[in-house]
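The structure appears below as structure tokens.
The values are calculated or read from the model by the stated rules, or taken from the named source; none is laboratory data. All values derive from a computational prediction rather than experimental measurement. Cβ: placed from backbone, ideal geometry, glycine included. Neighbour counts: every protein chain shown. Note: accessible area is taken over every heavy atom of the protein model, side chains too, but ligands, DNA and RNA are not part of it. Shrake-Rupley method; radii C 1.70, N 1.55, O 1.52, S 1.80 Å.
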There are 2 protein chains.
Amino acid sequence: MKARIFVTLKDGVLDPQGQAIQGALGALGFSGVESVRQGKVIDIELAPEDASEKRIREMCETLLANTVIENYRIEML
Amino acid sequence: MKARIFVTLKDGVLDPQGQAIQGALGALGFSGVESVRQGKVIDIELAPEDASEKRIREMCETLLANTVIENYRIEML
């Protein structure tokens, strides 16, 4: 059983990686880039007996996302 | 106009970050985690006159993805 987890910075949290990408795109001649935010996507494969959204939520809360500054979203595939 | 870009390692490319997550989940008592792969998600906001999938594809090829080891997928939002 597979799950995909998106971890993104909350609105208002500074994103230096995103800003670096935005600057680099501008330097490469790509105009009109108004904002860039970078996040993580984590693909997890679980044994069928361990696969539940509740369990994955626990993984996010304890390890995968820093819930002070990050949001996460779970997609069961 | 917004676009979301997923950058993931190609199959067969070693993913040390994913392995570290897998090890840490095991150490925290989450059993049954068979594989973990980590990728990036990049949200870009473009001026309407600059927003085309072709242009974003160019950004991916030149900067956002290392196409030797990474795949990318574009979603126009």
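Taking the stretch B:20-48 as the region of interest, how many residues are over 30 Å from B:Ala3 (Cβ atoms) and either among the polar types (S, T, N, Q) or facing another protein chain (nearest Cβ under 7 Å) (or both)? Walk me through it before giving the result.
Of all residues in the stretch B:20-48, those over 30 Å from B:Ala3 (Cβ atoms) come to B:22-34.
From the residues that got through so far, the ones that are either among the polar types (S, T, N, Q) or facing another protein chain (nearest Cβ under 7 Å) (or both) too are B:22, B:24-25, B:28, B:30-34.
Residues in the stretch B:20-48 being over 30 Å from B:Ala3 (Cβ atoms) and either among the polar types (S, T, N, Q) or facing another protein chain (nearest Cβ under 7 Å) (or both): 9 in total.
Within the stretch A:18-61, the set of residues being under 13 Å from the mean Cα position of the chain (by Cα) and farther than 29 Å from B:Leu28 by Cα comprises A:Gly18, A:Arg37.
Given the structure, is A:Ala51 more than 10 Å from chain B (Cβ to nearest Cβ), touching a residue at least 40 places away in the same chain (Cβ under 8 Å) and of a type in the set (Gly, Ala, Ser)?
Details: more than 10 Å from chain B (Cβ to nearest Cβ): no; touching a residue at least 40 places away in the same chain (Cβ under 8 Å): yes; of a type in the set (Gly, Ala, Ser): yes.
No; evaluated as a whole, the condition is false for this residue.
Looking at the stretch A:9-36, which of the residues that are of a type in the set (Gly, Ala, Ser) and part of a loop (DSSP other than H, G, I, E, B) is least open to solvent (accessible area, probe 1.4 Å)? My answer is A:Gly32.
Can you confirm whether A:Ile42 is without any contact (Cβ under 8 Å) to a residue 60 or more places away in the chain and either open to solvent by less than 70 Å² (accessible area, probe 1.4 Å) or closer than 13 Å to B:Val33 by Cβ (or both)? Give the steps one after another, and end with the answer.
Numbers: without any contact (Cβ under 8 Å) to a residue 60 or more places away in the chain: yes; either open to solvent by less than 70 Å² (accessible area, probe 1.4 Å) or closer than 13 Å to B:Val33 by Cβ (or both): yes.
Judged against the criteria, A:Ile42 is a match.
Checked against (1) more than 19 Å from B:Arg4 (Cβ to Cβ); (2) more than 7 Å from chain B (Cβ to nearest Cβ), A:Glu70 passes all but a single condition, namely (1).
Quick one: is A:Ala47 surrounded by fewer than 16 Cβ atoms within 10 Å (Cβ to Cβ), within 22 Å of B:Gln17 (Cβ to Cβ), out of contact with any Ser or Thr (no Cβ under 9 Å at 6 or more places or on another chain) and of a type outside the set (S, T, N, Q)? Walk me through it before giving the result.
On the way: surrounded by fewer than 16 Cβ atoms within 10 Å (Cβ to Cβ): yes; within 22 Å of B:Gln17 (Cβ to Cβ): yes; out of contact with any Ser or Thr (no Cβ under 9 Å at 6 or more places or on another chain): no; of a type outside the set (S, T, N, Q): yes.
So A:Ala47 fails the test.
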